[in-house]
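See structure below.
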Amino acid sequence: MLSGTNQEEGASSLGSLPVLQVIGYKNSGKTTLCCKLISVLTAKGVRVGSAKHDAHTFELDAAGTDSSKHLASGAVETVLTSQTATRMMRESETSLDQIAEHMKERVDLLLAEGFKKAPYPKIALLRDHNDMESLLRQASNIKLFLSWQESLVLEGIQWQRDNGYAEIPIIFMNNETTVLQHSISLALSLLSEK
């Protein structure tokens, strides 16, 4: 049985901050969509926080900086701050729930790129035929599919009907206006549930 059903309805079921996830595989357009959503939502007066899950390891700070020396010396967490910015760094994974809890007082909506296994509402980007079934196996609470292939939209709709997922809209990515309308509508609906 695939797990991509809409079993978890509310964005705020796990906390008070609405979370919308954008998921997909490498080079599916997740970051581009997130940036557009952040821009449009911010223009509407929504305070948007963002989080990105990286499947690979990365350096917290450039080697030789004071904060990297603090971490190398054994600090569990370090904060770099100035008059204009603050960056928190820790050498451990942080769950999306923990990130949402941390941001809940400062933002209206958390837009999360990745974190496929987290239970929040999701927009799933599809590059090819294999992505839909694979993402439905890995992720739950998918609310919208966006496809880069027009043929996949038609075939995907039939596949969804045949497999019990007909309630999840699937939209061709060539029409940016339609994509943004559906995506923004989903984000705003989460805010109204708050």
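The values are calculated or read from the model by the stated rules, or taken from the named source; none is laboratory data. Since the structure is predicted, the reported quantities are computational estimates derived from the model, not experimental observations. Reconstructed Cβ throughout: ideal geometry from the backbone, glycine too, with neighbour counts over all protein chains shown.
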Of all residues in the stretch 42-59, count the ones that are farther than 19 Å from Met103 by Cα, surrounded by fewer than 11 Cβ atoms within 10 Å (Cβ to Cβ) and at pLDDT 80 or above.
1
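Condition check ((1) more than 12 Å from the chain's Cα centre (by Cα); (2) closer than 26 Å to Val46 by Cβ; (3) at pLDDT below 90) across all residues:
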| position | (1), (2), (3) |
| --- | --- |
| Asp61 | yes, no, yes |
| Val76 | yes, no, yes |
| Arg87 | yes, yes, yes |
| Glu113 | no, yes, no |
Do we find that Glu77 is under 29 Å from Gly156 (Cα atoms), in contact (Cβ under 8 Å) with a residue 12 or more places away in the chain and in contact with a Lys or Arg (Cβ under 7 Å, 6 or more places away or on another chain) in this structure?
no
Hey, can you tell me all the residues within the stretch 89-109 that are at pLDDT below 95, in a loop (DSSP other than H, G, I, E, B) and in contact with a Gly (Cβ under 9 Å, 6 or more places away or on another chain)?
Lys104, Arg106
Glu155 vs. criteria modelled with pLDDT under 90, surrounded by fewer than 18 Cβ atoms within 10 Å (Cβ to Cβ), outside any loop (DSSP other than H, G, I, E, B) and of a type outside the set (Gly, Ala, Ser)
yes
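Tell me which residues, restricted to the stretch 110-152, are assigned to a helix (DSSP H, G or I) and among the small types (Gly, Ala, Ser).
Of everything in the stretch 110-152, those that are assigned to a helix (DSSP H, G or I) and among the small types (Gly, Ala, Ser) turn out to be Ser134, Ser151.
Out of curiosity, is Asp108 more than 20 Å from Val48 (Cα to Cα), crowded, with 17+ Cβ neighbours inside 10 Å and of a type outside the set (Ser, Thr, Tyr)?
no
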When restricted to Asn130, Asn163, Asn141, the only residue at pLDDT 90 or above and either under 29 Å from Gly45 (Cα atoms) or surrounded by fewer than 17 Cβ atoms within 10 Å (Cβ to Cβ) (or both) is Asn141
Quick one: Val107 ticks every box in (1) of a type outside the set (S, T, N, Q); (2) in contact (Cβ under 8 Å) with a residue 60 or more places away in the chain; (3) under 30 Å from Asn174 (Cβ atoms) bar one, so which box is it?
(3)
